[in-house]
Amino acid sequence: MDFIDLAQQYKKISNNIEIAISKVLNHGKYILGPEVKELEDTLAKYVNVKHCISCSSGTDALLMVLLANNYDKTDAVFIPSFTFISTAEVVKLSGATLFFVDVDPKTYNIDIRSLEGQINKAIDLDFTPRCVIPVNIFGLCADYDELKAVSNKFNLFVLEDAAQSFGASIGNQKSCSFGDASATSFYPSKPLGCYGDGGAIFTNNSNLYEKLISIRNHGTTKDNKYKHDIIGINGRLDTIQAAILIEKLKIFDNELDRRQIVANIYKSILEPKFKFQHIPKLYVSSYAQLSIVLNSQEERDSTIAKLKDKGIPTAVHYPIPLHKQVVYSSHNYISLKNSELISNTIFSLPMHAYLSENEITKICNVIND
Ligand SMILES: *Cc1c(COP(=O)(O)O)cnc(C)c1O
């Protein structure tokens, strides 16, 4: 059994993938070839946002937006502590000052009251609040209505970290459309993955779009390749990866439906004895991860060990909240209770679109034991 089974998916679409790749090999436009623009147009339409800029990874997607906003160390950027390390590192790399925020104990997404507290603290310390990066953790969108109230009040730029939530939605609005800019990842194990690294940025802001196109290509100007007016990076998505994603998108909605079914089977067996991430009404998660929280770290660790004995792989997302990471040790003066508790007691179950009911039952039996 695999934690995330990418082989079954490949088997299903291997013919089309191989044709798509060989098309690129034959036309030879390996960098920014026609498939890149085709993918961007398709993705923008899918999430109903004006502009899509594909790029080299989810991390670079976040970084490029922060670079475009031109922050310095007097500028404060707020992120939840319970997330993957990328969300923090890009803030540091952009030159802004990082503030960690606690998460909600039920949704594990950014907690609005903690956010307001940290914003006020930043103001007291003479920083200018500039940006919040809500993370749609495990594929569940944050509460963007609540966030909008705070971001309007403090004039914050909202950068949606949708690395785990491509395909998720609230009502009829899709993830990647909730931020002033939104960043997603096509890392192979994400809900929509390519066969290497990849990512994309979405925005309705045409000025920002033009700037990001330049930043993606070393800050080059439109009509002179060797004239640079802003600092950029090499942030391009390979044409081959774009061609792969075009094919994968064709089966993506079916896979999303399968993920809902898989999650529902798990929950029908394990709830209410075991606690899952709370999915509020009207929210559809893309289930990048399906996690449960146990009563203690000991109980969590022994359950993981028992599952491993039976050949069932699990993972812990994430064992150390970011404000407790050595690299951010200067931030250790804050205690973020919910992030710490969740990190100590959570673990993720095998989750992918091709998991069978038999496999799920087998996993659940061990957990119920
Ligand atoms: C995976 C992930 C990223 C980074 O994406 P990469 O494509 O691996 O660079 C950023 N934020 C979150 C929350 C992620 O899960």
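Scanning the stretch 307-326 for residues that are free of Cβ contacts under 8 Å to residues at least 40 places away in the same chain and out of contact with any helix residue (DSSP H, G or I) (no Cβ under 8 Å at 6 or more places or on another chain) returns 308, 309, 326.
Restricting attention to the stretch 76-104 and to residues that are in a loop (DSSP other than H, G, I, E, B) and in contact with a Leu (Cβ under 7 Å, 6 or more places away or on another chain), the residue that is surrounded by the fewest Cβ atoms within 10 Å (Cβ to Cβ) turns out to be 85.
Annotation: residue 34 fulfils all but one of (1) surrounded by fewer than 20 Cβ atoms within 10 Å (Cβ to Cβ); (2) farther than 27 Å from residue 230 by Cα; the unmet one is (2).
Within the stretch 156-176, being over 24 Å from residue 60 (Cβ atoms) and either in contact with a Pro (Cβ under 8 Å, 6 or more places away or on another chain) or open to solvent by less than 60 Å² (accessible area, probe 1.4 Å) (or both) holds for 169, 170, 171.
Residues are listed down the side, and each one gets a yes or a no for (1) in contact with an Asp or Glu (Cβ under 7 Å, 6 or more places away or on another chain); (2) farther than 30 Å from residue 60 by Cα; (3) of a type outside the set (Ser, Thr, Tyr):
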| residue | (1), (2), (3) |
| --- | --- |
| 240 | no, no, yes |
| 247 | no, no, yes |
| 251 | no, no, yes |
| 254 | no, no, yes |
| 261 | no, yes, yes |
| 268 | no, yes, no |
| 297 | no, yes, yes |
| 306 | no, yes, yes |
| 320 | no, no, yes |
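Selection of the stretch 187-231 for residues being open to solvent by less than 60 Å² (accessible area, probe 1.4 Å) and among the hydroxyl-bearing types (Ser, Thr, Tyr) yields 189, 203, 206, 209, 214, 220, 221. When the stretch 11-31 is filtered for residues that are surrounded by 14 or more Cβ atoms within 10 Å (Cβ to Cβ) and not basic (Lys, Arg), the ones remaining, listed by number, are 13, 16, 17, 20, 21, 24.
Looking only at the stretch 296-347, count every residue that is hydroxyl-bearing (Ser, Thr, Tyr) and either under 14 Å from residue 367 (Cβ atoms) or open to solvent by less than 30 Å² (accessible area, probe 1.4 Å) (or both) and tell me the total. Result for the stretch 296-347: 7. On inspection, residue 73 passes the criterion of being touching a residue at least 24 places away in the same chain (Cβ under 8 Å) and either open to solvent by 20 Å² or more (accessible area, probe 1.4 Å) or assigned to a strand (DSSP E or B) (or both). Exactly one residue out of 247, 271 is over 20 Å from the mean Cα position of the chain (by Cα) and under 30 Å from residue 19 (Cβ atoms), and it is 247. Summed over the stretch 45-70, the residues that are open to solvent by less than 10 Å² (accessible area, probe 1.4 Å) and either more than 20 Å from the chain's Cα centre (by Cα) or more than 16 Å from the ligand (Cβ to nearest atom) (or both) give a count of 2.
Of the residues that make up the stretch 263-277, is at least one open to solvent by 30 Å² or more (accessible area, probe 1.4 Å), over 21 Å from residue 350 (Cβ atoms) and out of contact with any Lys or Arg (no Cβ under 8 Å at 6 or more places or on another chain)? Yes, because at least one residue in the stretch 263-277 is open to solvent by 30 Å² or more (accessible area, probe 1.4 Å), over 21 Å from residue 350 (Cβ atoms) and out of contact with any Lys or Arg (no Cβ under 8 Å at 6 or more places or on another chain).
Contact map, the stretch 101-112: first residue more than 20 Å from residue 290 (Cα to Cα) and charged (D, E, K, R), second residue in a loop (DSSP other than H, G, I, E, B) and open to solvent by 20 Å² or more (accessible area, probe 1.4 Å), Cβ cut-off under 8 Å, separation 6 or more or different chains; pairs are 102/111; 111/104.
Contact annotation: residue pairs with Cβ atoms under 7 Å, 6 or more positions apart or on different chains, pairing a residue in the stretch 263-287 that is touching a residue at least 60 places away in the same chain (Cβ under 8 Å) with a partner that is loosely packed, with under 12 Cβ neighbours inside 10 Å, are 265/357; 282/171.
The values are calculated or read from the model by the stated rules, or taken from the named source; none is laboratory data. Computed from a predicted model, the values in this text were never measured in an experiment. Don't worry about glycine lacking a Cβ; one is built from the backbone with ideal geometry, like all the others, and counts go over all protein chains shown. Side chains are part of the model used for accessible areas, which takes the heavy atoms of the whole protein and leaves out ligands, DNA and RNA. Shrake-Rupley method; radii C 1.70, N 1.55, O 1.52, S 1.80 Å.
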